[in-house]
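The values are calculated or read from the model by the stated rules, or taken from the named source; none is laboratory data. Bear in mind the structure is a predicted one, so any value in this text is a computation, not a measurement. Cβ placement follows ideal geometry from the backbone for every residue including glycine, while neighbour counts extend to all protein chains displayed. Ligands, DNA and RNA are excluded from the accessible area calculation, which covers all protein heavy atoms including side chains. Shrake-Rupley method; radii C 1.70, N 1.55, O 1.52, S 1.80 Å.
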Amino acid sequence: MNSWCLGGGAFSPLHRFGIVIAMGFGALTVATLRPLQAQDRPILVIEKESGSTSTVTVQFDRGYASVAASVLSDIGWSVNDQNGALVLTAAGEIKVSFRYDSPFFRWDGVVLQMADSPYVTGGLAWLPLQFLTDFLPRRLPGLYDFSSERSLLRAANLELLVLDDPIALDAEDDELESDAVSGQSELAHELEAAPEVPFSGAVETTQEEEQVLASSYEDSRVVVIDAGHGGEDPGALSATGVREKTIALAIALEIEKALSEESDLEVHMIRDEDRFVDVWARGLTATEWKGERPGVFLSIHANSFPARREARGFETYF
Ligand SMILES: [Zn+2]
C-alpha cells in the first residue's frame, strides 16, 4: 500500500531511557507551495482582511523556498533581530524565536521544527516559506488560511488574536496529531509534557558554568545506536529500490565509527548486521546497557512518502 516507515510508534517504551532521537532522512512534513521548482518563479500572494493583496517573491538561495522575514511585518507581526536571533511577536501575545541556520524554533513554550532553516543573506533575514504556509495556518487557524492551488495566504487582522481560550488551542493540537503527514504536533505534545529545555544557543552558558557542567560527571556516557528495521523487516523502499534497513545500517555504522573515537563515550549497536530485532527488545536492551549513566538513544530511520514525491526534510523526536 505504502512504505511509510512506522518507527514512530515504537518509541514510547523507550521514554524511560531518557532522550530518544529519531532521524528520518528524506521524509517530510511540509505543506509545499505549488509549484516549488525555481524555474517556475513561484510567488506567494498574501490577501489581507481588507481584501488588499500583495505579491511576495519566493527565493531559493539555499535550495528551498524562502521569503524575507520582513513580509510578516506587513501582516501585523513585529519582526526583530535580538542578539542574532530572529524574534517575531504578535499583538504582545505570541512570541516566536528562530536561530539562523537551525530548523528548530520556539513558539511560546513549544519547540517546533521546520524542514529548513532561516538564514541571513544580503543583510536580510529569510524565513522558510513553510513557516507561512504550514505553521501559521496550523497554529493560528482562525487567523491564517493557505491555499496551495492558488499560492494564497489569507491573513486576518492580528488584533483579533484572543488567547484566553486554551481549549481551542488544545483542539487544534489534537487535530494536528491525527495528521500523519505532520510531525510537528507530536513533537509539540512530547515537549509540552517534558520539562522545559533551554533552546540551544538562546541561553548562553558562561565559561564558569560550562566548567561546572563538564566536571560534574566523569564516568562514561552511553550512546546506543539503533539502525531501524533489519532482517525480515525491510522498512521503506527508496525511489531507486534501496531498502530503509540497508540505509539505516550504513548510517549507524558510520556514526559508530565516528563516536568510537571519543574516549568518554561507550557506544553500543542494537544491530550491526542485517538481522531482525524486535522493536520492544531494542528499548529494553538499551536501558540495560545504559544503567544509571547518562545516555542517548539514536534511532536511525529513512522514511519515504511515495504519494508525495516532492517531500523532503527530516524529522526529529525528543
Ligand atoms: Zn523506519
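For the reader, a short list of remarks on this structure follows.
- Per residue accessible area in Å² of segment 38-165, where ligands, DNA and RNA are left out and the probe is 1.4 Å: 44 Å²
- For a straight C-alpha distance cut-off of 22 angstrom, the lysines reachable from residue 48 (same-chain residues fewer than eight places away being disregarded) are 95.
- Amide H contacts of residue 56: 44, 45, 46, each under 5 Å away and 5 or more positions distant or on a separate chain (H built 1.01 Å from N in the peptide plane; Pro and chain starts excluded).
- FRET efficiency for residue 284 and residue 156, using Cβ-Cβ distance with R0 set to 51 Å, rounded to 0.05: 0.55
- If the chain linking residue 233 and residue 55 were pulled fully straight, counting 0.36 nm for each residue of separation and taking away their Cα-Cα distance, it would gain 59.3 nm.
- Residues whose amide H lies under 5 Å from that of residue 100, counting only those 5 or more places away or on a different chain, are 86; hydrogens are built 1.01 Å from N in the peptide plane.
- Derived scalar couplings between HN and Hα for segment 111-123 equal 8, 10, 9, 9, 6, 9, 10, x, 7, 10, 8, x, x Hz in order, rounded to whole Hz, by the Karplus curve 6.51 cos²θ - 1.76 cosθ + 1.60 (θ = phi - 60°), x for Gly and Pro.
- Distance distribution P(r), segment 38-165, all Cα-Cα pairs, bin width 5 angstrom from 0: 2, 10, 22, 26, 22, 13, 5, 1, 0 percent.
- Per-residue 3J(HN,Hα) values for segment 50-67, derived from phi via the Karplus relation 6.51 cos²θ - 1.76 cosθ + 1.60 with θ = phi - 60°, read 5, x, 6, 10, 9, 9, 10, 7, 9, 9, 10, 3, 9, x, 10, 5, 9, 10 Hz in sequence order (x marks Gly and Pro).
- Karplus-derived HN-Hα couplings along segment 288-296 (A = 6.51, B = -1.76, C = 1.60, θ = phi - 60°), whole Hz, x at Gly and Pro: 5, 4, 5, x, 9, 7, x, x, 9
- Label point of residue 264 set 7 angstrom out along Cα-Cβ; within segment 219-247, amide nitrogens under 18 Å from it belong to 219-224.
- Estimated FRET transfer efficiency (residue 257, residue 62; beta-carbon r; R0 35 Å; 0.05): 0.75
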